[in-house]
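The values are calculated or read from the model by the stated rules, or taken from the named source; none is laboratory data. The model shown is predicted, which means the values in this text are computed figures rather than measured ones. For neighbour counting, all protein chains shown are included, and Cβ atoms are generated from backbone atoms with ideal geometry for every residue, glycine included.
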Amino acid sequence: MHETSIVNSIMKTLEMEFEEEKLNKMSAIYLKVGKLSNIEPRLLHNAFTAKHYCGTRFHKVKLHIESTEIKIKCEKCHHITQIENYRFLCEKCQQPSKNLIQGEEMLIHKVEFDD
């Protein structure tokens, strides 16, 4: 399950970014996960819960995951299209496009702390 290694990477990133005092006050992590990222949000949430259920500084931290849609930008007319049913066609000119601008990401979007 590669979601466990993703959770480890998220935690390491946060540990590098924030000081110990801030980490101890962390209350929520917000992620954006693209539909083409090869990450299953439910499995990522389960891996986070299993790894940080008790005994770690993150056991009270809530994980929020937002799934982001797939979007392309047409090379011909520059129109941005949200992809439905994995049909990578511009909705304006109907040209196929592989210019993906959203949908593969896994981002730490926001982190909340208790005061």
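Side notes on the structure shown:
- The strands (runs of 3 or more DSSP E) found entirely in segment 1-101 that carry 2 or more residues being in contact (Cβ under 8 Å) with a residue 40 or more places away in the chain and farther than 16 Å from Phe113 by Cβ are 26-34.
- Among the residues here, Lys110 qualifies as outside any helix (DSSP H, G or I), touching a residue at least 40 places away in the same chain (Cβ under 8 Å) and farther than 19 Å from Glu3 by Cβ.
Residue-by-condition table, conditions (1) under 14 Å from the mean Cα position of the chain (by Cα); (2) at pLDDT below 95; (3) buried (at least 18 other Cβ atoms within 10 Å of the Cβ):
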| residue | (1), (2), (3) |
| --- | --- |
| Lys12 | no, yes, no |
| Glu20 | no, yes, no |
| Leu23 | no, yes, no |
| Gly34 | yes, no, yes |
| Glu40 | yes, yes, no |
| His52 | no, yes, no |
| Phe58 | no, yes, yes |
| His64 | yes, no, no |
| Glu69 | yes, no, no |
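- Residue match in segment 40-48 (condition: more than 30 Å from Leu89 (Cβ to Cβ), small (Gly, Ala, Ser) and out of contact with any strand residue (DSSP E or B) (no Cβ under 8 Å at 6 or more places or on another chain)): yes
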